[in-house]
1. Taking the full set of protein chains and a 1.4 angstrom probe, give the accessible area of residue 128 in square angstrom, rounded to the nearest 10.
2. For a test of understanding, tell me how many lysine pairs in the chain have Cα atoms under 17 Å apart, given they are 8 or more places apart or on different chains.
3. Quick check on the chain: helices-only [θ] at 222 nm, where DSSP H runs of length 4 and up contribute -39,500 (n - 2.57) each and the sum goes over total residues. Nearest 500, please.
4. Report the per residue volume, in Å³, of the convex hull enclosing the C-alpha atoms of the stretch 23-64.
5. How far is it, in nm, from the label point at residue 227 to the one at residue 59 when both lie 7 Å from their Cα along the line to the Cβ?
6. Carbon and sulfur together cover what percent of the accessible area of the stretch 1-97 at a 1.4 Å probe radius?
7. Tell me which trypsin sites (Lys or Arg not before Pro) from the stretch 13-45 have a DSSP coil assignment and no more than 16 other beta carbons within 10 Å of their own.
8. How big is the C-alpha Rg of the stretch 145-241 next to the rule-of-thumb value 2.2 N^0.38 Å, as a ratio?
Amino acid sequence: PTAKFITTVDFEKEPVQIAKNEYTTASLQGFIDEYEYHYLREMLGDDLLTRFFGDLSGSTPQHPKFTALLNGTTYKNADGKSVIYEGLKRALQYFIWVEYVNKSQYKNTISGQVEGQNENSTILIGGKISRLCASAWNKGWSYAMSVHRFVQYFEFYDATATSIALDSGITYTVLIPDTLFLKNGDTVKINGIDYVIANLVANTSFEIDSATNITGTNVQIDWTVFDEFDVEPMEVSVLNM
């Protein structure tokens, strides 16, 4: 596989910095290509990953829910408190860093991990690298768990429309102050019936067609975001790899 989201540039700064030269850059890119897809499957499962990839244009998500899934966002939890979600890419950086550094200590390559010693530096070896990898893995795991929580929290979503009014013919305008993760062409449910939305104005309104009268005020609107999600969380320690 060829990586879509992570590049060698993502490892130029601490805490996931990897020293690169003409020999190690190609090796690192190989690890990125191999393990990005692997860990995406681990975090999302095959069904959601297939839908995620199907939404991409090149490496760019087209649907706002997948943009948020990849790059992160801030949302309110069930208690109304703000949650800063870092996104898939953050977890991928840590997992790929661990794979590269953990395996490069057994190869004829330079991992670039050093320990200060007076005015000089020495290459880290053995147990010290293992401890660094365990720490980085657990950090990645915490980001992976945030992915898990984000997708589970947004399996479904609902908001209250302040009004639904007939516009013309069979077209109704829905005034709604919260259109989180909706896009033109998505389906919403009103009174148990599915409607396809059009002419979306974010956090303001959208239009739907209905052959029957659906006018009203303070109407609950429901929609699917990520659907059912039953992927098991990953192991917490690199020692379990």
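1. Answer for residue 128: close to 90 Å² accessible.
2. Close lysine pairs found across the chain: 12.
3. Details: 4 runs with 85 residues, N = 241.
Helices in the chain give a 222 nm mean residue ellipticity of -12000 deg cm²/dmol.
4. 80
5. Once both label points are built, they end up 2.7 nm from each other.
6. Here it works out to 47 percent.
7. For trypsin sites (Lys or Arg not before Pro) across the stretch 13-45 that sit outside H, G, I, E and B with at most 16 neighbouring Cβ atoms in 10 Å, the list reads 13.
8. Cα-based Rg divided by the globular estimate yields 1.39.
The values are calculated or read from the model by the stated rules, or taken from the named source; none is laboratory data. On a predicted model such as this, the values are computed, not experimentally measured, just so you know. Note: ideal-geometry Cβ built from the backbone for every residue, glycine included; neighbour counts use all protein chains shown. Keep in mind that these areas ignore ligands, DNA and RNA; they rest on the heavy atoms of the full protein, side chains included. Shrake-Rupley method; radii C 1.70, N 1.55, O 1.52, S 1.80 Å.
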